[in-house]
Amino acid sequence: MKNPFQSLFFLLLVPFATVQGQTGLSVSPPRTYVTSVAGESTVNRILVTNTSKSTSLNLTVSLSDWQYEESGNNIMAEPGTLPNSATSWITVKPQSYFTLPPGETHELEVTLTAPAQTDSVEVHTALLFITQTNPVDSFEQGALVKVSLRSGVKIYHRYNTPANPNIEFNDYRFEKKARNLDLSLQNTGNTWTDGTVITEMVNVNDGTKYELADQIIYTLPGDRRNVTVPLPKNLKPGKYTASSTLSYGDDDTIKMAELAFAYE
């Protein structure tokens with residue numbers, strides 16, 4: 001007789017993952033920033049917590065290369081294959097395999113040793129994965145699935161030179177067919193730089209104001225970032241002025257771009 005349940009396997013990748021209340025994995029912090037001189041070793045600690053009440057987790061630690069694509073999504077690659085890779089600089093203690101009983105926390109000691117010989121890459125990165133190797137059963141819409149949790153910590157490194165965070169607007173356009181405002185930005189500085197794009201819009205004909213959805217961006221030196229801001233639903237035809245303000249860096253540097261367009 002054919003089994004009425006399908007057996008599938010899923011791998012969940014999020015900073016904090018749960019499976020229908022049965023299994024949970026929390027890893028903190030989700031990002032680690034390291035600034036050091038050439039040849040120096042820097043130690044950071046990562047806390048891994050099994051948040052479930054009854055399931056023990058068998059966990060393994062691994063490293064991967066990563067970088068951002070223009071949309072802001074992550075591009076993953078095998079360790080040591082991207083120009084900005086820092087995976088070979090990293091060691092993890094006390095071990096790469098461990099079992100975590102329900103409710104317990106395990107501390108990982110992550111050491112990054114920057115090479116004495118520098119290169120032209122201003123920020124190197126790595127992604128540290130914590131992966132469950134004993135999948136648990138879960139039922140999803142009548143199907144039996146095997147679910148394994150995975151959580152990642154992004155690691156950033158730059159050498160101890162004066163930081164120059166800078167992001168510039170390159171373009172600002174109204175995409176009529178998609179009903180979006182599209183902004184193009186670029187990190188022209190020498191360090192990782194995060195920011196928020198805040199957009200307001202005014203109907204020139206009657207003065208009606210709109211506050212559009214904020215967009216959070218994360219960038220590395222040289223990154224181009226395409227930011228899409230959806231227009232309000234049921235927007236009436238007319239002439240509009242859009243103003244987007246970018247706030248970034250530890251000192252909240254402010255830059256602004258404006259766009260006049262007609263919506264029909």
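For the range 233-264, name all the residues that are open to solvent by 30 Å² or more (accessible area, probe 1.4 Å) and either assigned to a loop (DSSP other than H, G, I, E, B) or at positive phi (or both). Passing the criteria: Lys233, Asn234, Lys236, Pro237, Asp250, Asp251, Asp252, Glu264.
When the range 29-61 is examined, which residues are found to be in a loop (DSSP other than H, G, I, E, B) and free of Cβ contacts under 8 Å to residues at least 60 places away in the same chain? Write out each step before concluding.
In the first step, residues of the range 29-61 are kept if they are in a loop (DSSP other than H, G, I, E, B); the result is 29-30, 37-40, 51-56.
Correct list: Thr51, Ser52, Lys53, Ser54.
Does Thr196 fit the bill of being surrounded by fewer than 15 Cβ atoms within 10 Å (Cβ to Cβ), among the hydroxyl-bearing types (Ser, Thr, Tyr), touching a Ser or Thr at 6+ places or on another chain (Cβ under 8 Å) and outside any loop (DSSP other than H, G, I, E, B)? So Thr196 fits the description; yes. Among the residues of the range 62-72, those identified as in a loop (DSSP other than H, G, I, E, B) and not acidic (Asp, Glu) are Ser71, Gly72.
Of the residues making up the range 162-187, those that are touching a Leu at 6+ places or on another chain (Cβ under 6 Å) and either aliphatic (A, V, I, L, M) or open to solvent by 60 Å² or more (accessible area, probe 1.4 Å) (or both) number 2. For the range 135-177, the set of residues classified as modelled with pLDDT under 95 and within 30 Å of Leu231 (Cα to Cα) consists of Lys176, Lys177, listed by residue number. None of Asn74, Asn84 is under 14 Å from Thr125 (Cβ atoms) and modelled with pLDDT under 95 except Asn74.
Scanning the range 199-230 for residues that are buried (at least 20 other Cβ atoms within 10 Å of the Cβ) and part of a loop (DSSP other than H, G, I, E, B) yields Leu220, Pro221, Asp223.
Within the range 93-134, the set of residues being farther than 17 Å from Leu57 by Cβ, of a type in the set (A, V, I, L, M, F, W, C) and surrounded by fewer than 16 Cβ atoms within 10 Å (Cβ to Cβ) comprises Ala116 only.
The values are calculated or read from the model by the stated rules, or taken from the named source; none is laboratory data. Not measured: the values here are computed from a predicted model. With ideal geometry, Cβ positions are generated from the backbone for all residues, glycine too; neighbour counts draw on all protein chains shown. Protein only, heavy atoms only, side chains kept; ligands, DNA and RNA dropped before computing areas. Shrake-Rupley method; radii C 1.70, N 1.55, O 1.52, S 1.80 Å.
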